[in-house]
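*Asks:* Sending over a structure as structure tokens; questions will come in a sec.
The values are calculated or read from the model by the stated rules, or taken from the named source; none is laboratory data. Predicted, not measured: the structure shown is a model, and the values here were computed from it. With ligands, DNA and RNA removed, areas are computed over all heavy atoms of the protein, side chains included. Shrake-Rupley method; radii C 1.70, N 1.55, O 1.52, S 1.80 Å.
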Amino acid sequence: MKKTEKDKTSIASTIDTEEAEYNRLRNLFSDCDANMLALLDGMFWEAARLRVELNALHREVKKSGLVKVNPQNPALQKENPVSKVLPKVRANYANICFKLAKVLGKKDDDDDSGLDDYE
């Protein structure tokens, strides 16, 4: 299938957004050593991709909603496909953020001077 100019622009825009989110996350860990940054690099990229995907899914939800309701019988409802994908992507993103936050918290704890025992 041939890609249109709009498709190419959309793909380039997504890549730019992923890269911006990646850089934002990496800057949060700027005080980490090079080995830790190398270890976390994949998680930064995956979190960036998931954040961009979540934003796209939320735009879709704003357009179509999570549920279609039959106008003749409001009791008849049909779940839109986005409503099944959204919780899974959210869970994956939250899991990665939780893991990154733990690493960030340990980094802050390591800065402790060890003088607390002498107070």
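*Asks:* Considering only protein heavy atoms, what per residue accessible area in square angstrom results for the stretch 16-91 with a 1.4 angstrom probe?
*Replies:* 68
*Asks:* For the stretch 15-89, give the percent of accessible area contributed by carbon and sulfur heavy atoms, probe 1.4 Å, rounded to a whole number.
*Replies:* That fraction is 54 percent.
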